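Comments concern the structure below.
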Amino acid sequence: NAGVTQTPKFQVLKTGQSMTLQCAQDMNHNSMYWYRQDPGMGLRLIYYSASEGTTDKGEVPNGYNVSRLNKREFSLRLESAAPSQTSVYFCASTGLSSGLAGAREQFFGPGTRLTVL
Amino acid sequence: QKEVEQNSGPLSVPEGAIASLNCTYSDRGSQSFFWYRQYSGKSPELIMSIYSNGDKEDGRFTAQLNKASQYVSLLIRDSQPSDSATYLCAVRGSNYQLIWGAGTKLIIKP
């Protein structure tokens, strides 16, 4: 099992460019999440998908869109990148069959380090 | 705004000593509490979870929960240099979302 995989690992964008961060999990998990992590601020939830076919906004959704392509894949799109979106992005998944994290562990991907110039 | 607070550190502890990490949270409806470890440049990994008041032990790690005081802690006994990392406290609030603390950087000195 590869667990949670993310691509790319590193990316540099210019202001206004767009890109999609890819995430896939092979653990048959229902729920998937996108976080950003900035120095001194902990993990902040951008969007989540409680199950295939559903997505919901988290704490900091502005400037992002997501697609839950199927049970395995959950992508994050930046339509017009801004320097404020410079961050490390983590995708996570959990196997709880309903709702969000609940009492179950979230498994994290290796992260994407994004710099917007 | 629901919050989870941690001292950012760094917390420096001699090898072999007990490291004590603390976390407070604001949402009284919180039900589940987690400690994650994150090495520099890596992703978080779960080391302890706790749901009931009291202590929960797993090897060298002990999680302590006091819901009345809205306080959760992590003790690491016989600290090793490999325990040097940032420790993230996460709390599942009444809206079912995980709220994360900013983390405490722990340094174990040989």
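On inspection, residue B:71 passes the criterion of being among the hydroxyl-bearing types (Ser, Thr, Tyr), under 14 Å from residue B:27 (Cβ atoms) and either touching a Phe, Trp or Tyr at 6+ places or on another chain (Cβ under 6 Å) or in contact (Cβ under 8 Å) with a residue 24 or more places away in the chain (or both).
Does residue B:110 satisfy the criteria of being touching a Pro at 6+ places or on another chain (Cβ under 9 Å) and modelled with pLDDT under 95? In short, yes.
Of all the residues in the stretch A:11-59, those that are basic (Lys, Arg) and within 12 Å of residue A:88 (Cα to Cα) number 2.
Just one of B:79, B:73, B:69 is of a type in the set (Ser, Thr, Tyr), surrounded by 15 or more Cβ atoms within 10 Å (Cβ to Cβ), assigned to a loop (DSSP other than H, G, I, E, B) and away from chain A (no Cβ under 12 Å); which is it?
The conditions single out B:79.
Taken over the stretch B:36-47, the criterion of being assigned to a strand (DSSP E or B) and surrounded by fewer than 23 Cβ atoms within 10 Å (Cβ to Cβ) is satisfied by B:37, B:38, B:45, B:46, B:47.
A quick yes/no check of all residues on (1) modelled with pLDDT of 95 or more; (2) of a type in the set (A, V, I, L, M):
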{"residue": "A:27", "(1), (2)": "no, yes"}
{"residue": "A:50", "(1), (2)": "no, yes"}
{"residue": "A:53", "(1), (2)": "no, no"}
{"residue": "A:67", "(1), (2)": "yes, no"}
{"residue": "A:72", "(1), (2)": "yes, no"}
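Looking only at residues that are facing chain A (nearest Cβ under 8 Å) and charged (D, E, K, R) in the stretch B:14-53, which one is nearest to the chain's Cα centre (by Cα)? Applying the filter and picking the extreme gives B:45. Can you find, within the stretch A:5-20, the residue that is nearest to the chain's Cα centre (by Cα) among those that are of a type in the set (A, V, I, L, M, F, W, C) and more than 10 Å from residue A:111 (Cα to Cα)? Here the answer is A:19.
Return the only residue of A:72, A:104, A:113, A:36 being over 26 Å from residue B:105 (Cα atoms) and basic (Lys, Arg).
Unique residue meeting the criteria: A:72.
If you check B:79, B:40, B:20, B:12 for being under 22 Å from residue A:37 (Cα atoms) and of a type in the set (Gly, Ala, Ser), only one passes: B:40.
Consider the stretch A:87-100 and keep the residues that are surrounded by fewer than 21 Cβ atoms within 10 Å (Cβ to Cβ) and not polar (S, T, N, Q). The one that is modelled with the highest pLDDT is A:88.
Is one or more of the residues making up the stretch A:55-70 among the basic types (Lys, Arg) and crowded, with 19+ Cβ neighbours inside 10 Å? The answer is yes, given that some residue of the stretch A:55-70 is among the basic types (Lys, Arg) and crowded, with 19+ Cβ neighbours inside 10 Å.
The values are calculated or read from the model by the stated rules, or taken from the named source; none is laboratory data. Because the structure is predicted, anything quoted here is derived from the model rather than measured. Here Cβ is always computed from backbone atoms with ideal geometry, including for glycine, and neighbour counts include all displayed protein chains.
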